[in-house]
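Accompanying notes for the structure given below.
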Amino acid sequence: MSHTALTAEEIAGLSEQPFFKTDALIAGCWQGSTDGDTFAVENPATDEVIAVVANCGAIETEQAITAASDALAGWAQTPAKSRAKILRAWFDLIIANEQDLARLLTIEQGKPLDEALGEVRYGASYIEWFSEEAKRIYGDVIPAPSTDKRIYTLKQPVGVVACITPWNFPSAMLARKIAPALAAGCTVVCKPANETPLSALALGHYAIEAGVPAGVINILCGKTQEIGAALTSSPVVRKLSFTGSTAVGKMLTAACSSTMKRTSMELGGNAPFIVFADADLEAALDGLMASKFRNSGQTCVCANRVLVAEEIIEQFTQMLVDRLSKSVLGNGLSQGTTIGPLIQKNAVAKVQGLVAKAIEQGATSVNLPHQTPSTGNFVAPLILKDVTADMEIFDAEIFGPVATLIGFDHYDQAIKLANQTTAGLAAYVYTQDASTMIKASEQLEFGIVGVNEGIISNEMAPFGGVKESGHGREGSKYGLEDYLEVKYVCLGGLH
Ligand code: SIN
């Protein structure tokens, strides 16, 4: 897709669009906060305020929970085929408006427009997939222990679900939670990140247009802790699905224990990207560029530690320098940009702090030609060589465009280094040897393993982690199970 920087008029044009919502969606109506309070949303590439959004709190969260609860029985009893049709109509509307939705996403999140368009499509693919899966929710008939009994299972919706979503994929993460919830017959109260509320609210607009009944989807932003407390303490909310940091995931899981809610936690990663000496190095480089630098390094599945066999590390580093030198840092709306800003100034400070500490501890930075723009939250892409397992950066989720290169001597050392983390979301392996592929994918302690593949996310596959990267799966047939309860019925006294 080719595109040019938008003029101020074009950016303003987006705000004239019907999907440009700044109020909360509660019980099918768009409403401001009860006290009229608002907060500003800034473009991370320019620091400009692009919207002023309703700053909701506990009162509006209670209203949203009540709306979701009131809508639950009707939605759960709506025939699966009808629920499927509504989800499909929602998917169609998103795809019909994908270009505008992509521009909106870039303006609030910063990622290059092509990536934003990819994200809008990626998110929509979950809605399409679960519109199909909605019709395939089956129970079982189980052989009974005696002739006077019959045993069967029903799959029923969990109930009202709270969805808390991050700023790094503001469209896709919301769609990935709402779509299976609605397919299962649940209703939802969603709290998108305050940095990026507009894409989420725009999806809410198209959901209503598609015929999602009032109260089935509620979306509000604002006072994060108040909203979180209201959602986690409510006995009406039966499940919480969260994507975000491990630290916040632990707090939310603890808070949910008072009402014994089910939880799905998609938390932080620390992905190893292992390049064995026999790998196709061009393919490994393609995979690394996609995995490490997508979204400026701000994904939970980003390659965080690049483990490279000592005999090829010099060659691979030079290839990476050549490739990364061609990347373009800038405003995601400008033609040719491949790396956009980070989300916030404190994210820039965090990445710079990690780099400074790594250099102090003995890492070497490799010079690249990028100039950092004067406005916005930019970090120039960087390669750090000579990184070792005792450095702070080895344990940290970098969440920025910094590739750390770590050498290894043999297979066992690579796997040991890779598993030397409390995280367990994604891992990547590049090799041409079938035994290494199989052994490594079995021995890596991660929920997802990409073998000779850097892009592992799609709606047909189960996305999720182990260890402190959380629990639960999103996408695939497993993603639907997370929103269903199994009820066992024992029919006795039969003659
Ligand atoms: C994430 O970073 O949380 C999601 C990444 C993806 O879906 O690929």
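So here's what we get for this one:
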item: Total charge dipole magnitude, the stretch 97-176, about the Cα centre, Cβ charges on Lys, Arg, Asp, Glu only, Debye to nearest 20; result: 420 debye
item: Proximal charge balance of residue 44 [Cβ under 12 Å; K/R count +1, D/E count -1]; result: -3
item: Around residue 235: net Lys/Arg minus Asp/Glu count, Cβ-Cβ under 15 Å; result: +3
item: Euclidean distance between Cα centres, the stretch 104-129 to the stretch 403-457, Å; result: 28 Å
item: For residue 87, net neighbour charge (Lys/Arg +1, Asp/Glu -1) across residues whose Cβ lies under 15 Å away; result: +2
item: For peptides 456-466, 330-340, sequence by mean Cβ density within 10 Å, most packed first; result: 330-340, 456-466
item: Calculated [θ] (222 nm, deg cm²/dmol) that DSSP helices of n ≥ 4 give over the chain, each run adding -39,500 (n - 2.57); result: -12500 deg cm²/dmol
item: Considering only the chain, percent of DSSP beta bridges that pair antiparallel, nearest 5; result: 40 percent
item: Test item: Cα-centred dipole of the chain, Lys/Arg +1 and Asp/Glu -1 on Cβ, debye; result: 1640 debye
item: All-pairs alpha carbon distance profile, the stretch 164-236, 10 Å steps from 0, percent; result: 20, 54, 26, 0
item: Violating pairs (Cα-Cα greater than 30 angstrom) within the set 345/439; 177/250; 85/191; 191/345; 326/357; result: 345/439
item: Three principal axis lengths of the stretch 137-282 [C-alpha, angstrom, descending]; result: 63, 51, 36
item: Extension gain (nm, one decimal) between residue 277 and residue 367, 0.36 nm per residue minus Cα-Cα; result: 29.9 nm
item: Reciprocal of mean inverse Cα separation for the stretch 59-125 (Kirkwood radius, Å); result: 14.1 Å
item: Cα centroid separation, the stretch 282-361 to the stretch 213-260 (Å); result: 33 Å
item: Alpha-carbon centroid distance for the pair the stretch 171-186 / the stretch 467-495, whole angstrom; result: 16 Å
item: Cα-based equivalent ellipsoid, the chain: semi-axes from gyration tensor eigenvalues, Å; result: 38, 30, 19
item: q = 0.11, 0.13, 0.25 Å⁻¹: log10 I(q)/I(0) that the Debye formula gives for the stretch 357-446, counting C-alpha atoms only; result: -0.41, -0.56, -1.33
item: Neighbour-count ranking [beta-carbon atoms within 10 angstrom, fewest first] of 122, 428; result: 122, 428
item: Crossing angle, helix 224-233 versus the chain [Cα axis fit, 0-90 degrees, rounded to tens]; result: 50 degrees
item: Residue 257/residue 73 FRET efficiency (R0 25 Å; Cβ-Cβ; nearest 0.05); result: 0.40
item: Angle in degrees between helix 172-184 and the longest Cα principal axis of the chain, rounded to the nearest 10; result: 30 degrees
item: Antiparallel content of DSSP bridges confined to the stretch 358-484, in %, to 5; result: 35 percent
item: Taking 220, 494 and counting other C-beta atoms within 10 Å, the order from fewest to most; result: 494, 220
item: Using alpha-carbon coordinates, inclination of helix 281-293 to the longest axis of the chain, degrees; result: 60 degrees
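Bear in mind that the values in this text are calculations on the coordinates, not laboratory data. Only a predicted model underlies this, so the values are computations on that prediction, with no experimental measurement involved. No Cβ is skipped: glycine too gets one built from the backbone with ideal geometry, and neighbour counts run over all protein chains shown.
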